[in-house]
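S.K.: Got a structure for you, written out below as structure tokens; questions coming shortly.
The values are calculated or read from the model by the stated rules, or taken from the named source; none is laboratory data. Fair warning: this is a prediction, and the values are worked out from it, not measured in the lab. Neighbour counts run over all protein chains shown; Cβ positions are idealised from the backbone, glycine included. Quick note on the areas: whole protein, heavy atoms, side chains included, nothing else; ligands and nucleic acids left out. Shrake-Rupley method; radii C 1.70, N 1.55, O 1.52, S 1.80 Å.
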Amino acid sequence: DHNKFALPVGATLDRFIMRKQEDFPYATGELSQLLRDIALAAKIVNREINRSGLIDIAGAYGNRNVQGEDQQKLDVIANIRFIRALRNGGEVCTIVSEEEDEMIQTGNTQGKYIVAIDPLDGSSNIDVNVSIGTIFSIYRRMSPTGTDGTAQDCLQPGTQQVAAGYVIYGSSTMLVYTTGNGVNGFTYDPSLGEFFLSHPDIVSPKTGTIYSINEGSSDSFSEGVAAFVAHCKENNFSARYIGSLVADFHRNLLKGGIYIYPATKKAPQGKLRLLYECNTLAFIVEQAGGKASNGRRRTMEIEPDNLHERCPLFIGSTELVEKAEAFLAKEQASA
Ligand code: P6P
């Protein structure tokens, strides 16, 4: 059992990746290298985020660049940095990014992997100092190497994910990811430029008393969603909604709870994207013992039709997601 080699808290991400690779005798190291490339980009984006507040008062700190160009939007910077790190790393042939309408070919036609990524989700929160995040999924290409990746390579169901993770740029910056053998969290020490294992083998509580949903849209909740929210209130749940998906998800993962982005009038398919938000967090939550669905179907079994399609998301502690699904099923039955 892989816990025999469990690494101590404080092990570096690099040592952890190497140790986990040893668990796979036929591993050739490409996935390990890809994970390192993502961690590098996360460190760079972390630095840009921490500096961004200062650049706004550029005069005093001289952070405006030599052309005197204005500070680019952080999500644009994050997109550039992750694409560059993945291109230079050589393991990825094609990228789907929230920031790009079309899939991006890196030119690494020998690359075995596809990455779907939201480089900086919730970036509207950055200038009010609320935590934001990077969300990524990794798939193995199905098309032969030696060519660019194809649309089919990018439209695989979430069950085909090889790895999934997020970076939360918060009071501390953390990288949380899974390769299908549990979920591990690493905390970044900027003074050393290293991620250290801080949350080994994360297991999410089976139930909880936190519910996260934007009740500003409650007028357009379906009967089932409204009934579940009423159930939470009758049972003295706490309402916790940061409005930054990674922050809300991370808190519920550790403490137990449910996050819901349902279909609303403004967002009839929900607001969150299947490829690089819902599927990514669904893989992580399932690996931590939780559950994720669109209210009726397991998120990871949904066959994507297009790169940026949205879907409703009910995600978190198994018992809470199943409770919400029961209310939706009752609504369906009485419809
Ligand atoms: P609403 C941020 O824009 C985001 O994509 C997620 O990070 C967040 O959970 C959600 O949208 C918030 O959306 O409609 O509640 O403001």
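S.K.: Run S218 past the list (1) more than 22 Å from the chain's Cα centre (by Cα); (2) small (G, A, S); (3) more than 12 Å from the ligand (Cβ to nearest atom) and report the number of the one that doesn't hold.
M.R.: Here S218 clears every test but (3).
S.K.: From the list R84, R64, exactly one residue is at pLDDT 90 or above and surrounded by 14 or more Cβ atoms within 10 Å (Cβ to Cβ). Which is it?
M.R.: The unique qualifying residue is R84.
S.K.: For residues in the range 319-335 being in contact (Cβ under 8 Å) with a residue 12 or more places away in the chain and open to solvent by 90 Å² or more (accessible area, probe 1.4 Å), which is nearest to the chain's Cα centre (by Cα)?
M.R.: Selected residue: E319.
S.K.: Would you please list the contacts, defined by Cβ atoms under 6 Å and residues six or more apart or on different chains, that run from a residue in the range 260-271 that is within 11 Å of the ligand (Cβ to nearest atom) and part of a loop (DSSP other than H, G, I, E, B) to a residue that is modelled with pLDDT of 95 or more and of a type in the set (S, T, N, Q)?
M.R.: T264/S217; T264/S220
S.K.: Can you confirm whether D14 is under 30 Å from D75 (Cβ atoms), charged (D, E, K, R) and crowded, with 18+ Cβ neighbours inside 10 Å?
M.R.: The answer is no for D14.
S.K.: For the structure I just gave you, tell me whether C311 is within 13 Å of the ligand (Cβ to nearest atom) and buried (at least 18 other Cβ atoms within 10 Å of the Cβ).
M.R.: In short, no.
S.K.: Moving on to the next point. Can you find even one residue in the range 198-207 that is part of a loop (DSSP other than H, G, I, E, B) and either within 12 Å of the ligand (Cβ to nearest atom) or open to solvent by less than 10 Å² (accessible area, probe 1.4 Å) (or both)?
M.R.: Looking through the range 198-207, at least one residue is part of a loop (DSSP other than H, G, I, E, B) and either within 12 Å of the ligand (Cβ to nearest atom) or open to solvent by less than 10 Å² (accessible area, probe 1.4 Å) (or both).
S.K.: Quick one: A151 ticks every box in (1) among the aliphatic types (A, V, I, L, M); (2) open to solvent by less than 20 Å² (accessible area, probe 1.4 Å); (3) more than 18 Å from the chain's Cα centre (by Cα) except a single one, so which number is it?
M.R.: Among (1) among the aliphatic types (A, V, I, L, M); (2) open to solvent by less than 20 Å² (accessible area, probe 1.4 Å); (3) more than 18 Å from the chain's Cα centre (by Cα), the lone unmet condition for A151 is (2).
S.K.: Which residue, of A239, A230, is without any contact (Cβ under 8 Å) to a residue 60 or more places away in the chain, within 19 Å of S131 (Cα to Cα) and open to solvent by 30 Å² or more (accessible area, probe 1.4 Å)?
M.R.: A239
S.K.: What about E22, is it closer than 26 Å to T179 by Cβ and at pLDDT below 90?
M.R.: The answer is yes for E22.
S.K.: Please count how many residues of the range 222-256 are in a helix (DSSP H, G or I) and away from the ligand (no atom under 16 Å from the Cβ).
M.R.: Counting residues in the range 222-256 that are in a helix (DSSP H, G or I) and away from the ligand (no atom under 16 Å from the Cβ) gives 12.
S.K.: Sticking with this one: For residues in the range 272-308 being within 15 Å of the ligand (Cβ to nearest atom) and open to solvent by 30 Å² or more (accessible area, probe 1.4 Å), which is farthest from G224 (Cα to Cα)?
M.R.: It comes out as H308.
S.K.: Working only within the range 106-147, note down all residues that are open to solvent by 60 Å² or more (accessible area, probe 1.4 Å) and either within 16 Å of the ligand (Cβ to nearest atom) or closer than 23 Å to A41 by Cα (or both).
M.R.: Selection gives Q110, K112, S124, D127, V128, N129, R140.
S.K.: The conditions are (1) small (G, A, S); (2) modelled with pLDDT of 95 or more; (3) in contact with a helix residue (DSSP H, G or I) (Cβ under 8 Å, 6 or more places away or on another chain), and G170 fails exactly one of them. Which is it?
M.R.: So G170 meets the others, but not (2).
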